[in-house]
1. As an exercise, use a Förster radius of 35 Å and the Cβ-Cβ distance of LEU126 and ILE18 to find the FRET efficiency, rounded to the nearest 0.05.
2. Set Lys and Arg Cβ to +1 and Asp and Glu Cβ to -1, take the dipole of the range 98-139 about its Cα centre, and tell me which of TYR124, VAL107, ILE134 lies farthest positive.
3. On a 24 Å Cα-Cα criterion, which of the cross-link pairs LYS109/LYS197; LYS128/LYS253; LYS217/LYS260; LYS128/LYS217 come out too long?
4. Can you sort SER267, SER120, SER43 by 1.4 Å-probe accessible area, starting with the largest?
5. For the range 105-209, state which GluC sites (Glu not before Pro) are in a DSSP loop and have at most 13 other beta carbons lying within 10 Å of their beta carbon.
6. Filter LYS111/LYS181; LYS121/LYS145; LYS181/LYS269 down to the pairs with a C-alpha to C-alpha distance above 25 Å, please.
7. Between LEU59 and LEU33, with labels modelled 7 Å along Cα→Cβ, what's the label distance in nm to one decimal, could you check?
8. Looking at the range 142-240, which chymotrypsin sites (Phe, Trp or Tyr not before Pro) are in a loop (DSSP not H, G, I, E or B) and have at most 11 other Cβ atoms within 10 Å?
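The values are calculated or read from the model by the stated rules, or taken from the named source; none is laboratory data. Quantities reported herein were computed from a predicted structural model and do not represent experimental measurements. Every residue, glycine as well, gets a Cβ built from its backbone with ideal geometry; the counts of neighbours run over all protein chains shown. Keep in mind that these areas ignore ligands, DNA and RNA; they rest on the heavy atoms of the full protein, side chains included. Shrake-Rupley method; radii C 1.70, N 1.55, O 1.52, S 1.80 Å.
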Amino acid sequence: MGIALRSSDKLFFIRSIIAFSVATCFFVFIGILLWEWTDLEKSWIILILLVTSLLIGYLIVSYTLSSLFKTNRFLDILLKDTLHELNIPLSVINANLQMLQADEQDVKKLKRLERIELASKDLYALYKEVDYYIKKEIQEDVREKFYLDELVKTVVQKQKEMANGVDIFYNVLHVELFADKHGLAKVISNLVHNALKYNQNHNPLHIFQEEDTLIIKDQGIGMSEAELFLAFNRYYQVDTTKEGYGIGLSLVKAYCDEFKIAMRINSQKNVGTEVILDIAYLLNKK
């Protein structure tokens, strides 16, 4: 099955072929003329060809990529404008929901309004997710001050909805961090989600702090040394029958590398896994 190309991609592809073909023919022709029909030294000829090739290369790249840059700029503006406009109806929905919930007494109707509220929160979470990645893409500093215990509490509350009766205990200090809050929340969320996914016998999950380290410990199926070696590979899964695509730990590793968080994993088959995050670099030490 062939790959369907957008019109801008087709134009880029055709332009690239034409420009490269013309440039190659021109470069070879000039090279032959200089080599055979001039009295210049060979070193000068090579220098002229090198400078010419760099100039032609620049012109080719500028010409072939112009349509792609134009499309990307258009999509970037469209995405940012749409994202900005999306925030307005979300605010209207939430404001009206609060008024309806305040005046409503019927239990069934209140449950329906609660479902609408949950859907609205999910939509807002998607909005924040896209906003976060746009800021990351344009290399905006996404770091902010926040408290570790409040972040962990928020993550745990969300994960409890899919915990299937598994208890999640946490004991984290009220310490201030200066970091990418959204990214760190995704790291902890991914680690907790994995611990829940590979849980066995409904054993509890523990999140706690020891000095400058944050530890997520479970009593799940664990990993062998061979599996632990592959754990951070993108799309790798210990158990392929479980849901997901095997990208969670690779995202965790990428975030930790970017923000200088040393991470260690201790795991034993059929005993459990302990993930240790050194958050010393994130602590807002005044």
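1. Details: r = 41 Å, r/R0 = 1.18.
Once the sixth-power term is evaluated, E becomes 0.25.
2. The residue sitting most towards the positive pole is VAL107.
3. From LYS109/LYS197; LYS128/LYS253; LYS217/LYS260; LYS128/LYS217, over 24 Å: LYS109/LYS197; LYS128/LYS217.
4. Numbers: SER267 30, SER120 10, SER43 70 Å².
The ordering from most to least exposed comes out as SER43, SER267, SER120.
5. Values: sites: GLU114, GLU117, GLU129, GLU137, GLU140, GLU144, GLU150, GLU161, GLU176; in loops: GLU140, GLU161.
Answer by residue number: GLU140, GLU161.
6. Numbers: LYS111/LYS181 32 Å; LYS121/LYS145 23 Å; LYS181/LYS269 32 Å.
Those over the limit are LYS111/LYS181; LYS181/LYS269.
7. Computed distance between label sites LEU59 and LEU33 equals 1.2 nm.
8. On the way: sites: PHE146, TYR147, PHE169, TYR170, PHE178, TYR198, PHE208, PHE229, PHE232, TYR235, TYR236; in loops: TYR198, PHE232, TYR235, TYR236.
Answer by residue number: TYR235.
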